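Undergrad: Here it is, the structure in full.
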Amino acid sequence: MKKILLDTNVIIDVFAKREPFFCDSYSVMRLCAEDKAEGYITASSLTDLYYLIHHETKDPAKSKAAIVSLLDFCTIIDVTSEDCMSAIASETHDFEDALIDACAAKEKISCIVTRNTRDFSVSQVKALTPQQFLAE
């Protein structure tokens, strides 16, 4: 079974029902929920997700419920000081993306599923769009 790290934008596509991205992102997350892929998310992305979801809902209970539902089928990858130092040393220009890549490499993740594959062009772990992942 493939281990995939879900980038924040893919998860927000689902929770915010962003078109035209919703269907493919939902299909990827559904594979994780059905145990056909192992879903992962970094601890640092989780804080970003809570903030973004709460910004939309304005309801702490709904925001927490959304996070709990995500964690029903995603494993949290802890972010360590070593991961941060690896991200700083990375050639990836965006620190958040570099940190995601460092965590994915540490956990031997098969791929990062993101809509921004070009942001991971020099990453250690290959990045696929939801559509590319579903086609594999």
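Each reported figure results from applying straightforward, stated rules to the coordinates on display, with no laboratory input. What you see is a predicted model; the values in this text were computed from it and never measured. Backbone-built Cβ (ideal geometry, glycine too); neighbour counts: all protein chains shown.
Undergrad: For region 1-125, what is the charge dipole size about the Cα centre, in debye to the nearest 20, if Lys and Arg each add +1 at the Cβ and Asp and Glu each add -1 at the Cβ?
TA: Value, rounded to 20: 380 debye.
Undergrad: If packing is taken as the mean number of other Cβ atoms within 10 Å per residue, what is the order of 3-12, 34-43, highest first?
TA: Averaged packing, sorted descending, gives the order 3-12, 34-43.
Undergrad: What are the extents of the Cα atoms of the chain along their three principal axes, in Å, largest first?
TA: Principal-axis extents of the Cα atoms in the chain, largest first: 38, 33, 25 Å.
Undergrad: Per 0.36 nm of contour for each residue apart, how much would the distance between residue 22 and residue 132 grow if the chain were fully extended, relative to their Cα-Cα spacing?
TA: 38.2 nm
Undergrad: Tell me, in nm to one decimal, what length is gained between residue 84 and residue 1 on full extension, where the rule is 0.36 nm per residue of separation less the Cα-Cα distance?
TA: 27.1 nm
Undergrad: Let me ask something else about it. Between residue 30 and residue 122, with labels modelled 7 Å along Cα→Cβ, what's the label distance in nm to one decimal, could you check?
TA: It is 3.8 nm.
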